[in-house]
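Beneath this line is the structure, given in structure tokens, with notes to follow.
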Ligand SMILES: Cc1ncc(COP(=O)(O)O)c(C=O)c1O
């Protein structure tokens, strides 16, 4: 890392930013003593800040989004060409990239009926999830008296920032001070074996964490529960993959109680785990899938709520004299930049065989992180799949007492000082902000992975407890 530019122009931009921009998740006190980080450019796996410091980015843009890496001309050109041809029209009408991208996406999800689902466009992950919840609520009215509208969600999962999406999220600390929450959402247990909520050990347990869904449905009343929403691998809650038996049990319970299975692929979707979608590791067929971040790798704001035709067709109501459609609109669901960027993004993943790269580099990442576990007792658990990993830090292996958040912050800062950006669980759960999060772009090389893990290794060696 080399600080170079403190020219008058740079100082001016920093002053302008500080005076006018309200940064996400940034304590006000930090900006009194530290300049805001202003990222000026990016190419491949690397970004450069306005002062000239270069970083190897193991976060894909801070929040696991830039799946194909920075500076992709193919995407920029596709967006430019599309905007000059036709930039926007409300999505009650169609667009050429909108039609083509929907078709392309559905070919990647044969589990949803061999490409026979429907794609509903909006702008963010939160919004895509809200659309799914609204669909569930409207279906409850179409098919009955509106009672079967509740959504069951999981402790440690996150589904978004808007009030209903936050109401359906199991991040207790992130929810603090934002109540009252929307009624109609109810929680069941997480599936983190390292901290089993039932005090069991995998191998001798009965997958109680999955069966807890049935308990939640029975508690709420099966005639009131419309869907269950789950991340395939919990992301911001600490990178938690389920055991192989988990999702088939969830699917069985959904079938038993006529509850829609909604998988939130906002983080895992588009190759992050080595398959197009995270749930495809686990042998299930969802009724609804939501996605955002990696959908266009951050080159345009786009999200999708995808449903099976079995769900879509229920809105038709042809013979009833009712309206017969999902009564919802989002202005920017009609922007064509999103699907144009999405098409180019998917083409890159295909042309460069990035799913294969994720599997290979993911194995290397896993192996290197396990070496850290052997080396440092502070590393309690290493979890993940593909280029998506969590390193949970503990004070002591025996008690699994989580390390203090300030220590995890120190490790992140020390990596940054070495020119490597990594993430961590961030004010999600009181006392459990102790997991380092890694999600490099799908183009990462062996050398990149080694540089990332070496930086963490140095940080752990330097910052002893
Ligand atoms: C799993 C998951 N779902 C939904 C969201 C919300 O997406 P957005 O921030 O685009 O609204 C996030 C954001 O981090 C997420 O991690």
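The values are calculated or read from the model by the stated rules, or taken from the named source; none is laboratory data. This structure is a prediction, so every number in the text was calculated from the model and none was measured. Positions of Cβ are backbone-derived with ideal geometry, glycine not excepted, and every protein chain shown enters the neighbour counts.
Summary table
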quantity: Pairs with Cβ under 7 Å, 6+ apart, first in region 389-406 and closer than 23 Å to residue 268 by Cα and not assigned by TED's automatic domain parsing to the domain that holds residue 237, second at pLDDT 95 or above and loosely packed, with under 13 Cβ neighbours inside 10 Å; calculated: none
quantity: Odd one out for residue 44, checked against (1) closer than 28 Å to residue 331 by Cβ; (2) surrounded by fewer than 20 Cβ atoms within 10 Å (Cβ to Cβ); (3) assigned by TED's automatic domain parsing to the domain that holds residue 358; calculated: (1)
quantity: First in region 8-26 and assigned by TED's automatic domain parsing to the domain that holds residue 49 and at negative phi, second anywhere and modelled with pLDDT under 95 and surrounded by 10 or more Cβ atoms within 10 Å (Cβ to Cβ), Cβ under 7 Å, 6 or more apart; calculated: 14/35; 14/36; 17/36; 18/31; 18/36; 23/36
quantity: Some residue of region 220-228 being within 16 Å of the ligand (Cβ to nearest atom) and free of Cβ contacts under 8 Å to residues at least 60 places away in the same chain; calculated: no
quantity: Residues of region 136-171 satisfying the condition of being touching a strand residue (DSSP E or B) at 6+ places or on another chain (Cβ under 8 Å) and near the ligand (Cβ under 10 Å from one of its atoms); calculated: 157, 158, 159, 168, 169
quantity: Only one of 362, 419 that is within 25 Å of residue 456 (Cβ to Cβ) and more than 21 Å from the chain's Cα centre (by Cα); calculated: 419
quantity: Check on residue 246, within 16 Å of the ligand (Cβ to nearest atom), out of contact with any strand residue (DSSP E or B) (no Cβ under 9 Å at 6 or more places or on another chain) and in the same structural domain as residue 331 (by TED's automatic domain parsing); calculated: no
quantity: Verdict on residue 436 being part of a strand (DSSP E or B), in contact (Cβ under 8 Å) with a residue 40 or more places away in the chain and under 21 Å from residue 238 (Cβ atoms); calculated: yes
quantity: Qualifying position, being crowded, with 24+ Cβ neighbours inside 10 Å, away from the ligand (no atom under 16 Å from the Cβ) and at pLDDT 95 or above, among 100, 105; calculated: 105
quantity: Sole exception among (1) more than 29 Å from residue 298 (Cα to Cα); (2) at pLDDT 95 or above for residue 123, by number; calculated: (1)
quantity: All strands (runs of 3 or more DSSP E) inside region 106-198 with 3 or more residues being under 17 Å from residue 265 (Cβ atoms) and in contact with a helix residue (DSSP H, G or I) (Cβ under 8 Å, 6 or more places away or on another chain); calculated: 118-122
quantity: Candidates 393, 387 - the one that is crowded, with 21+ Cβ neighbours inside 10 Å and closer than 18 Å to residue 68 by Cα; calculated: 387
quantity: Test result for residue 90, more than 16 Å from the ligand (Cβ to nearest atom) and crowded, with 24+ Cβ neighbours inside 10 Å; calculated: no
quantity: Criterion (over 24 Å from residue 138 (Cβ atoms), within 13 Å of the ligand (Cβ to nearest atom), in contact with a strand residue (DSSP E or B) (Cβ under 6 Å, 6 or more places away or on another chain) and in the same structural domain as residue 114 (by TED's automatic domain parsing)) met by exactly one of 269, 294; calculated: 269
